[in-house]
1. For helix 87-168, what angle does its Cα long axis make with the longest principal axis of the chain, in degrees from 0 to 90 and rounded to 10?
2. Please list 197-203, 151-157 highest first by mean number of surrounding beta-carbon atoms within 10 Å per residue.
3. For the range 3-166, what size does the Cα cloud have along each of its three principal axes, sorted from largest down, in whole Å?
4. With N set to the residue count of the range 40-133, report its C-alpha Rg divided by 2.2 N^0.38 Å to two decimal places.
5. Starting from the Cα coordinates of the range 82-220, work out the convex hull volume and express it per residue in Å³.
6. Please report the base-10 log of the normalised intensity I(q)/I(0) for the chain, using a Debye sum with one equal scatterer per alpha carbon and no solvent, at each q in 0.06, 0.12 (1/Å).
7. Using the Cα gyration tensor of the range 193-234, with a ≥ b ≥ c the square roots of its eigenvalues, what is the shape: rounded (a/c below 1.5), prolate (a/b larger than b/c) or oblate (neither)?
8. Remind me, relative contact order of the range 3-166 in percent, using alpha carbon pairs under 8 angstrom and six or more residues apart?
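Since every read-out is calculated from the coordinates, none of them should be taken as a lab result. Source: prediction; values computed, not measured. Virtual Cβ from ideal backbone geometry, glycine too; neighbours counted across all protein chains shown.
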Amino acid sequence: MLPDIENLLRLQEADKEIRRLHDEIAEFPKRVAVIEQKLAGTKAQLEKAQGAIKADEATRRKFDTTIADLRGKISKYRDQSLDVKTNDQYKALLHEIQFAEKEIAATEDKILELMVNADSRDKEVKAAQAELKAETAEIEKEKEQARQRTAEDEKLLAEWNAKRAGLRTGVNEDLLRHYERVSKFRGSGISEVRDQKCMACQVMLRPQTYNEVRSGQTTIVCDSCQRILYFNPADEMAALAPAARARRHHPKIDAPQAWYYRAEFGETGEVYLCLTNAGGQSSRRVYEIHTGRLIGDILIREGGYRQAFPEDITGAIRLNGGWSEDELEAWGNELPMVVLDSLAADLDLARHEMTARPSTKPEAHTAVPSEQAAS
């Protein structure tokens, strides 16, 4: 993996953490508002209970005034009864006195009811006051915890910003500008490639693009989402792990065509070898394992490939593969992606098999005769 890609992956991790911290810090006023909203409900209950007591007191004062007025009327009516000259006038004043006395009795009953209710009102106020006191203490504790968390987030944010500034210096300026421009609009600027597609936008890549990303030799951008692409072999191995536990099919020793993997081949490094027998002769094609490009010319020698190319077979890992000569000719100078994937998957299985059987001496680690290597 290119150093720029490794730095960008670390930079993207820093950017994600910075965004998370920014969001969490921005949530602080909202969290405080929610906390205070709880307190507002309890305060409203207390104010309602206190308001009911005040309303009852006002009503009682009104009733007291009413009774006083009625008693004044009764006194007036009695004084007037001393001066009346007819029975009808006396009866009328007596009726008014009786009516006022009934009103006084009814009003006194209402005052008594208010006095009874006053006890329950007092209990409601005391309960609301106690609840408000307890809730205020709890809410202040929650607010202090929120303030502490925000202070920690601000400290972490400063550390991540410093780390981010350091990471930016390790990335090519043009590549960094592209990453930041895409990140601004899409939330991320770099994406893993797996199963021949961009994992961010899920769009399939062209075979050549996929091969170039897997080679890890140059920076490639997704044609669809413009994110910078990278390939992680470890993820591909993890995906193959269940299949690796299955029994691997081994190619036949006398097959007319054989495929091998060599970790080193001249200045090229890792390659796939395709050896084919035909008409008393054998041919050798060499392909770069990441891009599938044909390296050099097709080499032809007399005899079978095990006798003609012993130096290539010795120490190589035999792979499953069998395609016709017509197919090889049609592919020309580059193997299709499906062939590369098939060979890579079988190579992973072979390596897993070697790891699972440490007592077995694998071809890739021991120089063995060509006949044994071919199996």
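1. The answer is roughly 20 degrees.
2. Listed from highest to lowest mean packing, they are 197-203, 151-157.
3. 123, 23, 15
4. 1.69
5. With only Cα atoms used, the range 82-220 gives 342 Å³ per residue.
6. -0.53, -1.02
7. It is rounded, given that a/c, with a ≥ b ≥ c, falls under 1.5.
8. 46 percent
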